[in-house]
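Working notes, beginning with the structure itself.
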Amino acid sequence: MKINAGIFYNNNGLTNSIRAMHLQSELLGIRNENVGGFDKVGYQRKEPVVSSFTEFMGVNALSTTLDDKVGRISVSDNPLDIAIANKGYFQVDTGNGIKLTRDGRFKIGSDGSLLSLEDAHVLSDAGIPIKLPFIPQNLRHVKVDINGKISVFNEETHEFKKVGKLGVVDANGLVVMEPNIKQGYNEYSNVSLQEEFIKMMPIMKNFDANRQMYMLQNSVLGKAISQLGSAS
């Protein structure tokens, strides 16, 4: 007994061209999103992943992965701007769940809670919201060391009081032992504009080639339909 098996694919040229143009549009959209995120704090570029069956499945076989390389770190005048110089993420409680972010632009709430710009509570390494015992008049009295330990200077006792430690984890939620925290810095995106524009070129050329093929096939099909109508 002999068993034959395989994948049989049969589709017309117009459908193939449309599917290819749709795919190239999605790829171009990913590149454009990276370009748009160039100046965003904490943005990580997306890299498209194209499977082996994309020519059959179109955009359904397209996915993305995050590039977790450290971005451009620059000095900030705000002591509550904190950057991670190694791979890892801050944990913030949004109310709808815990979110991982590399955007370390924080602020102090009216009750002393350490918050993100979106008012999400910044979590400690123990998984609880970080809260200062009092609100310092000078934000420079808040100190964050290289390991993420937070302390605040008490003007009455002239001593630093430990507040907690920033919870820095990797993409899988595991604690990063050496996050290399930098206080007074912002980390901008890890996007290279030159690289993104270079990778856009073949996408645009492929889209144009499929568009020309679509127009040619559509023209031939129109002529065939016209001739069939005349013959009848």
Helix 13-36 versus the longest principal axis of the chain: what is the Cα-based angle in degrees, 0 to 90, to the nearest 10?
20 degrees
Mind checking which of L174, I73, Q44 is farthest towards the positive end of the chain's charge dipole, using Cβ charges of +1 (Lys, Arg) and -1 (Asp, Glu) about the Cα centre?
Q44
Would you indicate which of (1) 18.4, 55; (2) 20.3, 65; (3) 26.7, 101 is the value of Rg and Dmax of the Cα atoms in Å derived from the coordinates of this structure?
(3)
Neighbour counts of other C-beta atoms within 10 Å: give me I146, I84 arranged from fewest to most.
I146, I84
Which one, H121, L132, I82, is farthest towards the positive end of the dipole of segment 79-140 when Lys and Arg carry +1 and Asp and Glu -1 on their Cβ?
I82
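Could you list F160, F197, F207 so that the one with the fewest beta carbons within 10 Å of its beta carbon is first and the one with the most is last?
Listed from fewest to most nearby Cβ atoms, that is F197, F160, F207.
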With Cα coordinates, the longest principal axis of the chain makes an angle with the long axis of helix 193-231, in degrees rounded to 10, of 30 degrees
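Longer than 25 Å from Cα to Cα, which of K46/K205; K87/K165; K87/K161; K40/K162; K69/K161; K40/K182 are they? Say none if no pair is. Show your work: numbers first, answer last.
Working: K46/K205 21 Å; K87/K165 17 Å; K87/K161 28 Å; K40/K162 31 Å; K69/K161 34 Å; K40/K182 18 Å.
Table pairs above 25 Å Cα-Cα are K87/K161; K40/K162; K69/K161.
Using the number of other C-beta atoms within 10 angstrom as an exposure proxy, rank V191, V175, V152 with the fewest first. Intermediate results must be reported in sequence, preceding the final value.
On the way: V191 24, V175 11, V152 20.
Sorted ascending by nearby Cβ count, the order is V175, V152, V191.
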Would you list, by chain and number, the aspartates and glutamates whose Cα falls below 12 Å from the Cα of K107, excluding same-chain residues fewer than 8 positions away?
D81, E118, D119
Residue-wise HN-Hα coupling along segment 90-98, computed from phi with Karplus coefficients 6.51, -1.76, 1.60 (Hz; x: Gly, Pro)
6, 10, 10, 9, 7, x, 10, x, 7
So the label point goes 7 Å from the Cα of D145 along Cα→C-beta, right? Which residues of segment 155-180 then have their backbone N under 19 Å from it?
158-169, 176-180
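What per residue convex hull volume, in Å³, do the alpha-carbon atoms of segment 73-187 yield? Walk me through the intermediate numbers first.
Working: hull volume 10.9 nm³, N = 115.
Per residue, the Cα convex hull of segment 73-187 comes to 95 Å³.
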Using modelled backbone amide H atoms (1.01 Å from N, in-plane), which distant-in-sequence or interchain residues come within less than 5 Å of Y43's amide H?
S189
Could you tell me the center-to-center distance, by alpha carbons, between segment 173-188 and segment 193-219 in angstrom?
40 Å
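Any read-out appearing in this document is the output of simple, stated calculations on the displayed coordinates, not a laboratory observation. Given the structure is predicted, the values throughout are model-derived calculations rather than measurements. Cβ: placed from backbone, ideal geometry, glycine included. Neighbour counts: every protein chain shown.
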